[in-house]
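One structure is given here, and the rest of the page talks about it.
The values are calculated or read from the model by the stated rules, or taken from the named source; none is laboratory data. Remember, it's a predicted structure, so these values are computed and weren't measured experimentally. Because the Cβ atoms are built from the backbone with ideal geometry, glycine has one as well, and the counts that use them run over all protein chains shown. Please note that ligands, DNA and RNA were not included when accessible areas were found on the heavy atoms of the full protein model with its side chains. Shrake-Rupley method; radii C 1.70, N 1.55, O 1.52, S 1.80 Å.
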Amino acid sequence: MNILIKKINFKHSFIFFLLCNILTFLFIKINYLSVSPIICLSLILIIGVSHGSLDHLKGKKLLKILRFDNIFIFYIAYILLATFIVIFWISFPTISLLIFLAVASFHFGKEDTQFLIEGKTYLNQSLFFFKGFLVILAPLFFHFDETISIFKLLLIENEIFYSSLSAIENNKLLIIGIFLSTLSSIFLFTKKFEIKKFIIFFDYFSIIILNYILTPLIAFTIYFCFLHSVRHILSLSFELDQKNLKRGFSIFIKKAIPLTMLTATFCLMGLYFLKNNYDFDSAILKLIFIGLASLTFPHILLEYLIEKNEK
């Protein structure tokens, strides 16, 4: 199973890397590439959100481990936690952003790499964090002002926070962060080396290329949808049918549609209310990142609880 997943992810990672290079060529030729935030939102709702749309099946699995029979316990807990995250963000935006960036770094690093790494040591967990940290650092390094503008749209009005970020940029600390992320990729690559671990560097350079040539929102959308989410969807499809990936993917689509549509409906309702107080693009940015935070925390917590209780 693990060998086949590595082969599938290697091909996917290589194709994604090639597409990033083609995108670079097109960007140089066109000289400017603009994508509307509504397209980014649509991609995230269709592809990005769907990679967590089987959480209800994992919830059933967790309840079975904990010896609960009522699935509504899971749904209520999941919705309440997501709602709590939104309320907490509105009340404490700076703290929420910092926690979200840290959790997202670990999540991206782990989900994109753990199928290559044996053992769940503290060292591996730390390497996952620093590897995923590149997704956060790259837009700050290449497009500092634009990234700060996004933070401001996310209700962050803490001047100390922005002064600290400016000091980090002025003192070249972002370069140190990227260097640490690079080292973590090298350590993960050389640990029990095999050819398929080139996935790590395909992903590394893809993230660098995307953030170098594209705005933070577009770069994140392409990474999140077509690298992170697609990789997770492929793994879920394989779990659903280990003998036939296409059939597994078909099963995944059928099982993912209900929750994906439900999530999209709530997001569109949120967008309707937000656009009454903000311009359309600002409303979309708030919805994308605060909405993703509200879904990411219960998704990660569910994965952790299953992993812990299975032991």
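Evaluate the following for Ile176: is it surrounded by fewer than 12 Cβ atoms within 10 Å (Cβ to Cβ), assigned to a helix (DSSP H, G or I) and without any contact (Cβ under 8 Å) to a residue 12 or more places away in the chain? Let's see the steps before the verdict.
Numbers: surrounded by fewer than 12 Cβ atoms within 10 Å (Cβ to Cβ): no; assigned to a helix (DSSP H, G or I): yes; without any contact (Cβ under 8 Å) to a residue 12 or more places away in the chain: yes.
When the stated conditions are applied, Ile176 does not pass them.
Scan (1) in contact (Cβ under 8 Å) with a residue 24 or more places away in the chain; (2) surrounded by fewer than 16 Cβ atoms within 10 Å (Cβ to Cβ); (3) not aliphatic (A, V, I, L, M) for the single condition Phe129 breaks and write down its number.
That leaves (2) as the condition not met.
Output the residue which, of all residues in the range 219-235 that are open to solvent by 10 Å² or more (accessible area, probe 1.4 Å) and of a type in the set (A, V, I, L, M, F, W, C), is farthest from Leu285 (Cα to Cα).
Per the stated criteria, the residue is Leu234.
Going through the range 266-303 one residue at a time, which ones are among the polar types (S, T, N, Q) and either modelled with pLDDT of 90 or more or open to solvent by less than 90 Å² (accessible area, probe 1.4 Å) (or both)? First the steps, then the outcome.
We begin by selecting, within the range 266-303, every residue among the polar types (S, T, N, Q); these are 276-277, 282, 294, 296.
Within the range 266-303, Ser282, Ser294, Thr296 qualify.
For the range 9-27, enumerate the residues that are at pLDDT below 90 and over 16 Å from Ile218 (Cα atoms).
If the condition is that a residue be at pLDDT below 90 and over 16 Å from Ile218 (Cα atoms), then Phe25 is the only one that fits.
Which numbered condition trips up Glu146, out of (1) under 19 Å from the mean Cα position of the chain (by Cα); (2) in contact (Cβ under 8 Å) with a residue 60 or more places away in the chain; (3) open to solvent by 70 Å² or more (accessible area, probe 1.4 Å)?
That leaves (1) as the condition not met.
Confirm whether Leu41 is open to solvent by less than 30 Å² (accessible area, probe 1.4 Å), assigned to a helix (DSSP H, G or I) and of a type outside the set (Phe, Trp, Tyr). Outline the logic, then answer.
On the way: open to solvent by less than 30 Å² (accessible area, probe 1.4 Å): yes; assigned to a helix (DSSP H, G or I): yes; of a type outside the set (Phe, Trp, Tyr): yes.
Yes; evaluated as a whole, the condition is true for this residue.
Answer yes or no as to whether Ser184 is small (Gly, Ala, Ser), at pLDDT 95 or above and either under 18 Å from Thr113 (Cβ atoms) or touching a helix residue (DSSP H, G or I) at 6+ places or on another chain (Cβ under 9 Å) (or both). So that I can check it myself, show each step before the final result.
Working: small (Gly, Ala, Ser): yes; at pLDDT 95 or above: yes; either under 18 Å from Thr113 (Cβ atoms) or touching a helix residue (DSSP H, G or I) at 6+ places or on another chain (Cβ under 9 Å) (or both): yes.
Answer is yes for this residue.
Identify all residues within the range 4-22 that are closer than 16 Å to Tyr212 by Cα and surrounded by fewer than 17 Cβ atoms within 10 Å (Cβ to Cβ); write none if there are none.
The answer is Leu18, Leu19, Asn21, Ile22.
Given the criteria of a type in the set (Gly, Ala, Ser) and open to solvent by 40 Å² or more (accessible area, probe 1.4 Å), does Ala82 qualify?
Details: of a type in the set (Gly, Ala, Ser): yes; open to solvent by 40 Å² or more (accessible area, probe 1.4 Å): no.
So Ala82 fails the test.
Which of the helices (runs of 4 or more DSSP H) found entirely inside the range 115-172 contain at least 2 residues meeting this: over 27 Å from Asp279 (Cβ atoms)? Quick ask: steps written out before the conclusion?
On the way: elements: 122-142, 144-153, 159-170.
Correct list: 122-142, 159-170.
Looking only at the range 61-80, decide whether some residue is touching a residue at least 60 places away in the same chain (Cβ under 8 Å) and within 17 Å of Ser235 (Cβ to Cβ).
Within the range 61-80, one or more residues are touching a residue at least 60 places away in the same chain (Cβ under 8 Å) and within 17 Å of Ser235 (Cβ to Cβ).
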